[in-house]
1. Kindly indicate whether A:LEU416 is buried (at least 24 other Cβ atoms within 10 Å of the Cβ) and under 30 Å from B:PHE362 (Cβ atoms).
2. Out of (1) at pLDDT 95 or above; (2) within 29 Å of B:ASP206 (Cβ to Cβ); (3) open to solvent by 10 Å² or more (accessible area, probe 1.4 Å), what's the single condition that is false for B:GLY397?
3. Consider segment A:170-194. How many of its residues are open to solvent by 30 Å² or more (accessible area, probe 1.4 Å), not in a loop (DSSP other than H, G, I, E, B) and not charged (D, E, K, R)?
4. Could you say whether any residue in segment A:202-224 is away from chain B (no Cβ under 14 Å), open to solvent by 10 Å² or more (accessible area, probe 1.4 Å), touching a strand residue (DSSP E or B) at 6+ places or on another chain (Cβ under 9 Å) and among the acidic types (Asp, Glu)?
5. With the requirement that a residue be within 19 Å of B:ASN253 (Cα to Cα) and touching a residue at least 60 places away in the same chain (Cβ under 8 Å), what does segment B:107-126 give you?
6. Within segment B:362-372, can you find the residues that are more than 10 Å from chain A (Cβ to nearest Cβ) and of a type in the set (S, T, N, Q)?
7. How many residues does segment B:352-361 hold that are closer than 30 Å to B:ALA436 by Cα and either of a type in the set (Gly, Ala, Ser) or within 12 Å of chain A (Cβ to nearest Cβ) (or both)?
8. Can you tell me which residue is nearest to the other protein chains (Cβ to nearest Cβ) among those in segment A:149-169 that are open to solvent by less than 40 Å² (accessible area, probe 1.4 Å) and closer than 20 Å to A:MET214 by Cα?
There are 2 protein chains.
Amino acid sequence: MIKFIRPAFLLVTAVFAQPSFVQSSFQKDSTFIKKIFDEALTNGKPYEWLRILSTDIGGRLSGSEGAAKAVSYTEKVMKEENFDRVFLQPVKVPHWVRGKAETAFIFVNDKKISVPIAALGGSVATPVEGIQAEVIEVQNFLELRALGKEKVAGKIVFFNRPMDPTKLNTFDAYAGAVDQRGNGATEAAKLGAVGAIVRSMTTRLDDFPHTGGMRYGVGVPLIPTAAISTNGAELLSKSLRENPKTQFYFQQNCETLPMADSHNVIGEMKGGTHASEIIVVGGHLDSWDLGQGAHDDGSGCVQAIEALRLLKKLGYTPKRTLRAVMFMNEENGLRGGITYADSASAKKEMHLAAIESDRGGFTPLGFGIVGTAEQKTRLISWQPLFSPYGLHELGKGGGGADIGPLGQQGAVLLGLIPDSQRYFDYHHAASDTFEAISKRELEMGAASMAAMIYLIDTYGF
Amino acid sequence: MIKFIRPAFLLVTAVFAQPSFVQSSFQKDSTFIKKIFDEALTNGKPYEWLRILSTDIGGRLSGSEGAAKAVSYTEKVMKEENFDRVFLQPVKVPHWVRGKAETAFIFVNDKKISVPIAALGGSVATPVEGIQAEVIEVQNFLELRALGKEKVAGKIVFFNRPMDPTKLNTFDAYAGAVDQRGNGATEAAKLGAVGAIVRSMTTRLDDFPHTGGMRYGVGVPLIPTAAISTNGAELLSKSLRENPKTQFYFQQNCETLPMADSHNVIGEMKGGTHASEIIVVGGHLDSWDLGQGAHDDGSGCVQAIEALRLLKKLGYTPKRTLRAVMFMNEENGLRGGITYADSASAKKEMHLAAIESDRGGFTPLGFGIVGTAEQKTRLISWQPLFSPYGLHELGKGGGGADIGPLGQQGAVLLGLIPDSQRYFDYHHAASDTFEAISKRELEMGAASMAAMIYLIDTYGF
C-alpha cells in the first residue's frame, strides 16, 4: 500500500531520471526562477505600463487613434528598456468604427424601456431611424432553423443562450456560447430576419453589453447585430414570455472604413550560440473600444515586455533570440499574427517557440501547449520548477490566437493559463479597466513567462 | 525511463489501492461533487446574502450595532433555509469603538501634510489635543532595542517594515510583518515612546490604512497606536531621510467600553447513524469597522451557510450532525471560538472535524489541515476528487483561528485555502467591500467546503 504519496516527489524522481536534468541543474534553474519572481514582485514594471496603456491611452481598436498611440508607447517603453532592437512591422488592418452610442428599447404593454446594447464588431449600421420589429427568442441555430422563414422573416432574432455557469473553466463556457455572436446575424438573415440581438458573453447579470467580433456569411443580407447586457436580455426574455408581441427597437451607427495602416511592435534581445532560433513572447495590442483593454490584452503586452526586462535585469544572456511581440488586430482580423508569421516565413526565420498571454492578467495557474507528445512531456517535466509558483496546470489547453500561424511553421505554442473565473466579467466590455487589475497577479504572470523563456532557451524544446 | 507521468494518474492508482475507495465509490463521489458545484454555480445564494451582510449591514465589529444586525440576519437566513435547528449561543465580547475619524499630519520643513491613519483595534486614545513628537523609524524590534531609551523616549516610533512582496503566499508575508502591529506599541512604550505608528499590512502602495488587533503588554504604559497607509508610510520615511527632525502629529478618540453581549449563530442539519459526531463549517461574523467585512469574513459566513444549503438542496442525508457556525469576535478576542469549544466540552459533544473559511472569498485552491499524519494522508487521497475544481493544494497550511480551540478536543481542523494574491489589498481596510467580491469565486469556495463535508461525512477522518 502506497502511503504519503505526493505528486511533486514522484515527478522529481521522474525528472531526475532524465540525463539533461540532474540535480545540479535543478538547483541552478530553481534558483534563477526564484530570482525572476523576486525581481518581478519587488521591482516589477508592468503595472505602471498597463496604467498608462489603459487609463492614458484607453481603448485601442485596430485603426483607431488609441491603437496608434499604443504602438508608439510600447515602442518607447522597449527602447527605454534598451532592448537590442525595437522595430515596427507594418500591418494592414480592418477599420471598423462604432460611431455614436447605440440606443435600444423594449416596447411592451405601452411601456418603452431603455436597455444597454453595443454593436458587434463588423456589424453594419441600422437605418438612421433605427429598426423596430417583433422579436423571436431562440437558444441556438437548430431552434432557429426549425422555426423557418415564416416565423422569422421581418423579425429581430434574439439569441439568448447563456454561457454555461457550471463550466469550471469559463473559456469552455465562452466557447459553448460564442457561435451566437459570431454567426447569429448570418443565420438570422438566411431566414429573412431584419436584425440580430445577442445575449452578452458573460456569466454575470449586469448592465454591461459585451461586444466582440462577428462575420457575415457570403451571399446573405447584411443585417445589423448587437450585444445586449445580460440584465437587458433577462428583461427582454421576460417581456416576451409575458407578451409575445413585445417589440424591440435599436439604432446603431457603426461603419466599416477602408483598411488602415498599423503595426506590430517588436522588441528583441539578441541570442548568442543559437541566435538564429527565435523565441517569441507576446500579447495583442489592439482591444475593443468600450473599455480600456486592461485585461484583454493590455496585460499580455506589458507582461511580454516585462518578461524580457526581467531576464535582462538579471543579467541573463540568451542563447536564442528573444522577441516580445505586441500583435495588432487580434480582435477583428488577426492581421498582426498572420503578418508576423508571413514575414518569418519569407525571411526563413526559425521560431522554436511562441508564448502568448491573452486570457487576462489574473493569477497564473499554468501553460497550455500546442506541440508534439514529446514536447508536452518536456513541459510537464518542468512541473517541479513551476509548482512553487502555483503553476500546476501544464499541458491543458492551447496556445493563443496571435501565435497560431507560427505553429504552422513548426514553433511550439504555449499559452499562459491564468485563473479564468473573473475574465468574462470584463471581456470586451466597459468594465475592462485598469481598476480590475491586481498588481501582484499581473507580475506573477510576467514572471511565469520569463521562467518559461528561460527553460526553453536553456533546454530547447 | 518514466514518460508521460502525470500526478493525477499516479494518485488515482494510489487511491484505488485503498480498500475503502474502490472505483464505484469514486464514481459516486465524483458525480455527487459535480452536482454540488453545478448547483452552487447555477443557483448559488451566498453572493446575495453577502451583498446584504456587506452593503446593507456593513462593518460588524464586536459589540456594534452592525454585529447585532448580522447575528439576526444570518439567523433569519438559516431559518429561511429550513435547517433542522437554528440557535444563538451567547458570547461576551470585548467592545472597542473607534470614535470619530482620526487625524494625522507630517510636519516637515514648514509643511503640514495630512496622511491617512486608523487607530489599531484595542488602542487607547491620544489626549484630546493629540500627540506631536519627533519620529524614530525602525524596521523591527531588534533595531528599536538597539536604539535604547535615550533615543526613543518622548518620540513616536514608526514601524515601517513592509510585508515581503516576494512571498508567494501573502499570508506568509503578513506573518512576517504583523508583529509590528500586534506588539509595536508595547515594545515602543518599554523605551519611553509616546506613540507608535505602524505601516499598513499590505503589499500595495495606496491610501488605505489597514487596522487590526493589538495588545498591550503587562506593566508597560498604554501608548496610542495607529496604522498609517503605505503611501503615508513612504512619505513619512522620505521626510525623515530628508529631515530627521520631521515631526508627526496624530489624534484619535478610540475607547474600550465594558464587555458586551453578543452571539455565535449556529445552524444545524441533524445526523443519522452517527448523529453524535459533529462536523462544523464556519467563518466569523464580526469584522473590522473601516470596510464592509466582505472578504474578512462575510465570505466565510455565507459560504458556510451555502455549504449546508447545497447538501440539503441535493437531498443529502448526513450520517453526522452538520453545523454552520458564524463565530463572533475573531478579530479582537476570539471569544466566539473559545465559547463554542467550551460549550462543546461542557456538553461532551464530539467534534469530528471543523472547516473554516477565513482567507477571503477568492478562487479556492485547496485545504490546509491540522491533524495527524494519517489524517493528512487521507486528505491527500481525495486529490482526484478535488482536482477537477482546481483544488490542488491539500495539506499545506493550517485550519483557522475560530476552530483552533476545537482542535484541542481532537477535531481535525481544515482551512479553505483560496488564492491569496489580492487578500491584503482589502484586509481590515475601507476597501474590503462587496465590489471586491467575485460571485463565481465565492460560490466555488462554498462548493469546495460542501464537497469536503460530504467526504468527511461519508468516510470519516
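The values are calculated or read from the model by the stated rules, or taken from the named source; none is laboratory data. Since the model is a prediction, treat every value here as computed from it, not as a measurement. Reconstructed Cβ throughout: ideal geometry from the backbone, glycine too, with neighbour counts over all protein chains shown. Heavy atoms of the whole protein, side chains included, go into the accessibility calculation; ligands, DNA and RNA do not. Shrake-Rupley method; radii C 1.70, N 1.55, O 1.52, S 1.80 Å.
1. Numbers: buried (at least 24 other Cβ atoms within 10 Å of the Cβ): yes; under 30 Å from B:PHE362 (Cβ atoms): yes.
Considered against the rule, which asks whether it is buried (at least 24 other Cβ atoms within 10 Å of the Cβ) and under 30 Å from B:PHE362 (Cβ atoms), A:LEU416 comes out as yes.
2. The failed condition is (1).
3. Initially, segment A:170-194 is screened for residues open to solvent by 30 Å² or more (accessible area, probe 1.4 Å), giving A:171-172, A:174-176, A:178-179, A:183, A:190, A:192, A:194.
Imposing the further condition that a residue be not in a loop (DSSP other than H, G, I, E, B) reduces the set to A:171-172, A:174-175, A:179, A:183, A:190.
In the following step, the residues that additionally are not charged (D, E, K, R) were identified as A:171, A:174-175, A:183.
Within segment A:170-194, residues that are open to solvent by 30 Å² or more (accessible area, probe 1.4 Å), not in a loop (DSSP other than H, G, I, E, B) and not charged (D, E, K, R) number 4.
4. Scanning segment A:202-224 turns up no residue that is away from chain B (no Cβ under 14 Å), open to solvent by 10 Å² or more (accessible area, probe 1.4 Å), touching a strand residue (DSSP E or B) at 6+ places or on another chain (Cβ under 9 Å) and among the acidic types (Asp, Glu).
5. From segment B:107-126, those within 19 Å of B:ASN253 (Cα to Cα) are B:114-126; that's our starting set.
Scanning segment B:107-126 gives B:VAL115, B:PRO116, B:ILE117, B:ALA118, B:ALA119, B:LEU120, B:GLY121, B:GLY122, B:SER123, B:VAL124, B:ALA125, B:THR126.
6. Scanning segment B:362-372 gives a single hit, B:THR372.
7. Taking segment B:352-361 as the starting set, the residues that turn out to be closer than 30 Å to B:ALA436 by Cα are B:354-361.
Those left that are additionally either of a type in the set (Gly, Ala, Ser) or within 12 Å of chain A (Cβ to nearest Cβ) (or both): B:354, B:357, B:360-361.
Residues meeting the conditions: 4.
8. A:MET163
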